[in-house]
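Chemist: Mind having a look at this structure? Questions to follow.
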Amino acid sequence: MRSPAYLLAAALAVTLVAPPTAAHAAVAPRSAAIVSQFPIEVALPVTVAWYGFDGARFTPVLDGTGRGHTMRLVTRYGGTIRPILHGAGMGIRFPRKCAGSRCPKAVLQSPHAADLNPGVRPFTYGATVRLAPSQTTSGQNVLQKGFSATGSQYKLQIDGRAGRPSCVLVGTRTGIKLVRSAVTVADGIWHTVQCRRIGTVFRILVDGVVRGQIAVPASLSVVNGRPLSIGGKGVYPDNDQFQGHLDNVYVQVG
């Protein structure tokens, strides 16, 4: 599986400089004297949570950053997640599309932690997803922290028959800020989807290309005491269950 650092560098090529490569390292000694004369302090993004699903166990799901944001599986009506092959590693499959009041529910949740709250800082969150055209619904949540009606929130979702992903930010007294992708990801193929907030710019990127952008208030702050959830809001009836395949879920701050 590709690390979240690689995914972020690829997705944000329009705004950020890629991490140093071996070629850069080879010329570093020649430029060291110049760098030392003009020191520049650069704050790099910090991955605060990452789930690659390549471990031997899928419940609980360990946080690959080592920060301890372990995900536990919450289910109802026989719902579960299952391992699937993805590239050289593994991903997970959520319950398939279902009609009725007792459809299987399965959500991964990590307890609230302060470092999962970006506040007003730049941050990125995203995942690698695969969703078939036949599996789209009115609402499917990939990743979220917080609720729009009761505080602040950040969320990645895939909504509507067309299966176009969207990113959501909600701050106190700012209302819901949503940026929707111009392209679908519901075609049965793996896609990377990233949500990126830098200052007053909020973008959605699909496969490393900006597919939507809106302005948000510089004061918009996301700080809440809610868990980080993958695959839905919870396991109650209207949980916006994600019904596809998922891998490389992450949150980066900075």
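Chemist: Check 102, 57 and return the single one that is modelled with pLDDT under 90, more than 18 Å from the chain's Cα centre (by Cα), over 19 Å from residue 145 (Cα atoms) and among the basic types (Lys, Arg).
Modeler: After applying the criteria, what remains is 57.
Chemist: Take the residues in the stretch 131-147 that are of a type in the set (Gly, Ala, Ser) and open to solvent by 40 Å² or more (accessible area, probe 1.4 Å); name whichever of them is nearest to residue 223 (Cα to Cα).
Modeler: Within the stretch 131-147, the match that is nearest to residue 223 (Cα to Cα) is 138.
Chemist: A further question follows. Among (1) open to solvent by 50 Å² or more (accessible area, probe 1.4 Å); (2) closer than 19 Å to residue 247 by Cβ; (3) in contact with a Phe, Trp or Tyr (Cβ under 8 Å, 6 or more places away or on another chain), there is one condition residue 59 misses while meeting the rest; what is its number?
Modeler: With respect to (1) open to solvent by 50 Å² or more (accessible area, probe 1.4 Å); (2) closer than 19 Å to residue 247 by Cβ; (3) in contact with a Phe, Trp or Tyr (Cβ under 8 Å, 6 or more places away or on another chain), residue 59 is out only on (3).
Chemist: Here's something else I'd like to know. Pick out the one residue from 240, 247 that is among the charged types (D, E, K, R), out of contact with any helix residue (DSSP H, G or I) (no Cβ under 7 Å at 6 or more places or on another chain) and open to solvent by less than 10 Å² (accessible area, probe 1.4 Å).
Modeler: 247
Chemist: Does residue 204 satisfy the criteria of being hydrophobic (A, V, I, L, M, F, W, C), modelled with pLDDT of 95 or more, open to solvent by 30 Å² or more (accessible area, probe 1.4 Å) and not in a loop (DSSP other than H, G, I, E, B)?
Modeler: When the stated conditions are applied, residue 204 does not pass them.
Chemist: Right, another one. Would you confirm whether any residue within the stretch 110-130 is more than 23 Å from residue 222 (Cβ to Cβ) and crowded, with 23+ Cβ neighbours inside 10 Å?
Modeler: no
Chemist: Let me ask something else. Quick one: which residue in 198, 214 is in contact with a Phe, Trp or Tyr (Cβ under 6 Å, 6 or more places away or on another chain), β-branched (Val, Ile, Thr) and open to solvent by 10 Å² or more (accessible area, probe 1.4 Å)?
Modeler: On inspection, the qualifying residue turns out to be 214.
Chemist: Given the conditions (1) modelled with pLDDT under 95; (2) open to solvent by less than 30 Å² (accessible area, probe 1.4 Å); (3) not acidic (Asp, Glu); (4) not in a loop (DSSP other than H, G, I, E, B), report the number of the one that residue 31 does not fulfil.
Modeler: Of everything listed in (1) modelled with pLDDT under 95; (2) open to solvent by less than 30 Å² (accessible area, probe 1.4 Å); (3) not acidic (Asp, Glu); (4) not in a loop (DSSP other than H, G, I, E, B), residue 31 misses just condition (2).
Chemist: Among the listed residues 185, 179, which satisfies the condition of being touching a Phe, Trp or Tyr at 6+ places or on another chain (Cβ under 7 Å), touching a residue at least 24 places away in the same chain (Cβ under 8 Å) and open to solvent by less than 30 Å² (accessible area, probe 1.4 Å)?
Modeler: The match here is 179.
Chemist: Is it the case, given these coordinates, that residue 97 is within 20 Å of residue 158 (Cα to Cα) and at pLDDT below 95?
Modeler: Spelling it out, residue 97 is indeed within 20 Å of residue 158 (Cα to Cα) and at pLDDT below 95.
Chemist: So, in the stretch 222-237, exactly how many residues are under 20 Å from residue 121 (Cβ atoms) and buried (at least 17 other Cβ atoms within 10 Å of the Cβ)?
Modeler: Adding up the residues that qualify gives 4.
The values are calculated or read from the model by the stated rules, or taken from the named source; none is laboratory data. These numbers come from a predicted model, not from an experiment. In this analysis, Cβ positions are derived from the backbone assuming ideal geometry, glycine residues included, and neighbour counts consider all displayed protein chains. The accessibility values were calculated without ligands, DNA or RNA, using every heavy atom of the protein model including side chains. Shrake-Rupley method; radii C 1.70, N 1.55, O 1.52, S 1.80 Å.
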